[in-house]
Amino acid sequence: MVRVHVCLECGCPMTGKGEFCARKCRHDFNNRRRQRGAELYDLYMAHRFERSQAQQLGVFQAINRLASNYRQEDLQRRAGRKSWRSPRTVLEERPYLKAISTYDGTGRRARA
């Protein structure tokens, strides 16, 4: 049985493996993620590591607002297709994100 799915970028039907129908689609999809990620990166790092200032400035609210704006843009410009990859796929590709890490007495990270 042939698996039919759509290109993550343009939405055209595809068969077989892969997430994109063409190199340009993959490039456009990843460029949008890079651009959006750059906006989120600074805010999230402040939220995580400069907590009191981030709370004063409402950084988490700004992060959520950006996500809502991105989704609204997807609905308007991408016929509702999501502009992010499956969290399962991302976590499967990066198992270290779910690994438990501890620090040993030498200042080096040790895995438990």
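Each reported figure results from applying straightforward, stated rules to the coordinates on display, with no laboratory input. Computed from a prediction, not measured in an experiment: that's the story for all the values here. Neighbour counts are summed over all protein chains in view; Cβ atoms, including those assigned to glycine, are modelled from backbone coordinates with ideal geometry.
So here's what we get for this one:
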| item | result |
| --- | --- |
| Extreme residue, positive dipole direction of the chain, given options Cys21, Leu91, Leu57 (C-beta unit charges) | Cys21 |
| Segment 1-69 - charge dipole about Cα centre, Lys and Arg +1 at Cβ, Asp and Glu -1, debye rounded to 20 | 240 debye |
| Efficiency of FRET between Ile100 and Tyr44 - r from beta-carbon atoms, R0 30 angstrom, step 0.05 | 0.90 |
| Long-range Cα-Cα pairs in the chain (distance over 25 Å), rounded percent | 44 percent |
| Estimated FRET transfer efficiency (Asn31, Leu57; beta-carbon r; R0 25 Å; 0.05) | 0.30 |
| Rounded to the nearest 20 debye, dipole of segment 24-111 from Cβ charges on Lys, Arg, Asp, Glu | 420 debye |
| Separation between Cα centres of segment 35-58 and segment 66-85, rounded to whole Å | 21 Å |
| Expected 222 nm ellipticity per residue - DSSP helices of 4 or more, -39500 (n - 2.57), all of the chain, to 500 | -17500 deg cm²/dmol |
